[in-house]
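The values are calculated or read from the model by the stated rules, or taken from the named source; none is laboratory data. Nothing here was measured: the structure is a model prediction, and the numbers come from that model. Every residue, glycine as well, gets a Cβ built from its backbone with ideal geometry; the counts of neighbours run over all protein chains shown.
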Amino acid sequence: MRHQEGRTVTAENEVLAASRQFYAALNSVVNGDAGPMGAICSQGADATTMHPIGGRQVGWDQVSESWRQVAVVASAGKVTLADQLIRTIGDVACELGTEHAVMTLAGRPVRAEVRVTNIYRRESGAWKLVHHHSDASPEMQGAAAAGPS
């Protein structure tokens, strides 16, 4: 716990703010812009992701490219997080929840509800997303595999 401008700030509150930043960036991705992901994601070789459309990316180069590829085929999207649970242990935090997603993916409207785990790590005083994992979504996988309609 630390104090900031007369108030107590807990690690959980800091991670909650980082989560809000991540979901704002994710909503940018599903509307065609992956740029904001660079501000919230760890850019190290140990950054990882496993998207609902499948695959596993390791290292910032692969992770950032995967966000860019999703942004190229996604539009008119909205992702919200429900049933959020945050736990911190030192400079690492785990976030669990259920993502509700609606978007156009490769020209096809899709809806998905997937369980998600996000891992954040404090880097130079800021919480950064180091791992994002969601359940596979057969509907999203099918739309992505079929390509633009």
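Filtering Ile53, Ile86 for residues that are surrounded by 19 or more Cβ atoms within 10 Å (Cβ to Cβ), within 26 Å of Glu123 (Cα to Cα) and more than 12 Å from the chain's Cα centre (by Cα) leaves a single hit, Ile86. The set of residues in region 32-42 being outside any helix (DSSP H, G or I) and without any contact (Cβ under 8 Å) to a residue 60 or more places away in the chain consists of Gly32, Asp33, Ala34, Gly35, Pro36. Taking region 100-149, which residues are of a type in the set (Asp, Glu) and either touching a Pro at 6+ places or on another chain (Cβ under 8 Å) or within 16 Å of Gln69 (Cβ to Cβ) (or both)? Across region 100-149, the qualifying residue is only Asp135. Only one of Leu85, Leu96 is at pLDDT 95 or above, in a strand (DSSP E or B), over 25 Å from Gly32 (Cβ atoms) and touching a Cys at 6+ places or on another chain (Cβ under 9 Å). Can you tell me which? None of the others qualify; the one that does is Leu85. Look at (1) among the small types (Gly, Ala, Ser); (2) in contact (Cβ under 8 Å) with a residue 12 or more places away in the chain; (3) assigned to a strand (DSSP E or B) and you find that Gly55 fails only one, number (2). Residues in region 97-118 that are buried (at least 17 other Cβ atoms within 10 Å of the Cβ) and not hydroxyl-bearing (Ser, Thr, Tyr): 12 in all. Restricting attention to region 1-34 and to residues that are of a type in the set (Val, Ile, Thr) and at pLDDT 95 or above, the residue that is nearest to Cys94 (Cα to Cα) turns out to be Val15. Go through the residues of region 12-21 one by one and say whether even a single one is in contact (Cβ under 8 Å) with a residue 24 or more places away in the chain, touching a Cys at 6+ places or on another chain (Cβ under 8 Å) and of a type in the set (Ser, Thr, Tyr). No: region 12-21 contains no residue that is in contact (Cβ under 8 Å) with a residue 24 or more places away in the chain, touching a Cys at 6+ places or on another chain (Cβ under 8 Å) and of a type in the set (Ser, Thr, Tyr).
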